[in-house]
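Following: one structure in structure tokens, then a few remarks.
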Amino acid sequence: MSAKTITREDCLKYDADDPLAKFGERFVLPDGIIYLDGNSLGALPMATADRVKHVVEEEWGIDLIKSWNVNDWFHLPQRCGDKIAQLIGAEAGEVVAADSTSVNLFKLLAAGLRMRPDRTVIVSERGNFPTDLYIMQGLIDMLGGRHELRLLEDGQDIAELLDDKVAIVALTHVNYKSGRFHDMKAVTRAVQDAGALMMWDLAHSAGALPVDLNGANADFAVGCGYKYLNGGPGAPAFLYVAKRHQDETHQPLTGWMGHAAPFEFVTDYRPAQGIDRNLCGTPAVISMSALEAGLDLMLEADMTRIREKSVALGDLFIELVKQECAEWNFGLASPPAEQRGSQVGLTHEHGYPIMQALIHRGVIGDFRAPDLLRFGFAPLYIRYVDVWDAVATLKDIMAKGEWDKPEFHAKSAVT
Ligand SMILES: *Cc1c(COP(=O)(O)O)cnc(C)c1O
């Protein structure tokens, strides 16, 4: 045992050998903070503040409305989309940045149902992120109750839910709680063999691990701009439609930005060719510029290296919790690395106050009811020594019983 004990010095050595270490200084991270919540809100890239300042002061302030052309605001959704495409195994012209993940789910679920008019079932999973399920419920309600939602239970095989009534299957690739990911290729094939369409939610995948939508032959995907893509709070999300479907998808939010000729101002809607028809209204220029700064930084890094470091950080965290915190009986809610995204969940009956005590000490993760402490490891700015220091802090909080102070039991609106 003692021969295998991991020390803080070991972690410093891993950092010295880390090919991604140089990315750390490209982010603004306050002193004394260990930020293990990049899966929920990515950290601020150094370049973003200057980019936003430029967009506001020069482009908006001086070029005013001319900016739609001279600063090419008009093509921000496609330009960001093409950059995201490189991170998720899609081609240029298959992705646009737009709206929120929730809205994009609505658009593509509706488009998918329209492509399978004889089928009435949407399949998802009980453990999905709630907004995905809520959007499905709202869409079904809007369509008059002819459709139904069928839910995969934890550990159940997707094949058990598939039959000739299923129109579309919409799953989140990396589960937001456990971090467990689906086998994208195998699930997509099973779904398509049953005649249904496959949509992936990449909220916890894009920028966190290699994704190959085209390699898996996915039909649709959506994802989030403010998590591992570091686009900033409320950043625009993205959507993907495989090339082969683009001219047969009709999403219902037929705003003018999805029109074939928005500036002809004609009375009747006519969808644009290609991915553009999935846009709705005017893009959020300032926040999409911030997203683009995050994407440019992400594209400088190699996704294979990001994955290697993500696995190493997660494994190190799990090992250190075992080594340092065994006596407090934390449960491990995440699978081994082969099935895990870039986050690790621990369970504990006092999860909420323990997380508040950690945050008070500068170790920022988050809590998901009922008992999950969630720790995200964004490989571009988390160091191995941060993992050591985070676990040392956890140990100290537990050993001193610090988590049990009344102030750490008070619930905030956002956990
Ligand atoms: C974070 C997340 C969302 C967020 O949706 P918003 O519309 O941005 O609020 C959606 N789905 C999943 C799976 C998520 O993890």
Query raised in the report: Which of (1) of a type in the set (S, T, N, Q); (2) open to solvent by 50 Å² or more (accessible area, probe 1.4 Å); (3) under 19 Å from the mean Cα position of the chain (by Cα); (4) within 15 Å of the ligand (Cβ to nearest atom) does Ser102 not meet, given it meets every other one?
Result: (2)
Query - Single residue of the range 380-415 satisfying the filter (touching a residue at least 60 places away in the same chain (Cβ under 8 Å) and open to solvent by 70 Å² or more (accessible area, probe 1.4 Å)) that is farthest from the chain's Cα centre (by Cα) - result: Lys395
Report summary line: Note on Asn39: of the conditions (1) part of a helix (DSSP H, G or I); (2) closer than 21 Å to Gly365 by Cβ, unmet is (1)
Report task. State yes or no: is Leu161 within 18 Å of Met115 (Cβ to Cβ) and modelled with pLDDT of 95 or more? Result -> no
Query raised in the report: Looking at the range 358-368, is at least one residue closer than 20 Å to Ser40 by Cβ, in contact with a strand residue (DSSP E or B) (Cβ under 9 Å, 6 or more places away or on another chain), without any contact (Cβ under 8 Å) to a residue 60 or more places away in the chain and part of a helix (DSSP H, G or I)?
Result: yes
Query raised in the report: All but one of (1) open to solvent by 50 Å² or more (accessible area, probe 1.4 Å); (2) of a type in the set (A, V, I, L, M); (3) touching a helix residue (DSSP H, G or I) at 6+ places or on another chain (Cβ under 9 Å); (4) within 16 Å of the ligand (Cβ to nearest atom) hold for Leu41; which doesn't?
Result: (3)
Report task. Taking Arg8 as the residue in question, decide whether it is open to solvent by 60 Å² or more (accessible area, probe 1.4 Å) and under 30 Å from Asn71 (Cβ atoms). Result -> no
Query raised in the report: Of the conditions (1) within 10 Å of the ligand (Cβ to nearest atom); (2) touching a His at 6+ places or on another chain (Cβ under 8 Å); (3) under 23 Å from Leu295 (Cα atoms), Gly179 fails just one. Which one is it?
Result: (1)
Query raised in the report: Of all residues in the range 111-126, how many are within 16 Å of the ligand (Cβ to nearest atom) and open to solvent by less than 40 Å² (accessible area, probe 1.4 Å)?
Result: 4
Query raised in the report: Can you find a residue in the range 315-322 that is part of a strand (DSSP E or B), within 30 Å of His348 (Cβ to Cβ) and open to solvent by less than 30 Å² (accessible area, probe 1.4 Å)?
Result: no
Query raised in the report: Is it the case that the range 46-68 has a residue that's of a type outside the set (Lys, Arg) and touching a Lys or Arg at 6+ places or on another chain (Cβ under 6 Å)?
Result: yes
Report summary line: Per the filter on the range 376-413, residues in a loop (DSSP other than H, G, I, E, B), among the hydroxyl-bearing types (Ser, Thr, Tyr) and touching a Phe, Trp or Tyr at 6+ places or on another chain (Cβ under 6 Å) are Tyr381
Query raised in the report: Based on what the data block shows, is Asp141 touching a His at 6+ places or on another chain (Cβ under 7 Å) and acidic (Asp, Glu)?
Result: no
Query raised in the report: Among all residue pairs at least 6 apart or on different chains, which show Cβ distances below 7 Å where the first residue, located in the range 231-252, is in contact (Cβ under 8 Å) with a residue 40 or more places away in the chain and the second is open to solvent by 60 Å² or more (accessible area, probe 1.4 Å) and more than 16 Å from the ligand (Cβ to nearest atom)?
Result: Lys243/Glu91; His250/Arg114
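The values are calculated or read from the model by the stated rules, or taken from the named source; none is laboratory data. Since the structure is predicted, the reported quantities are computational estimates derived from the model, not experimental observations. Quick reminder, even Gly has a Cβ in these numbers, built from the backbone with ideal geometry, and neighbours come from all protein chains shown. Areas reflect the complete protein model, heavy atoms only, side chains present, ligands, DNA and RNA absent. Shrake-Rupley method; radii C 1.70, N 1.55, O 1.52, S 1.80 Å.
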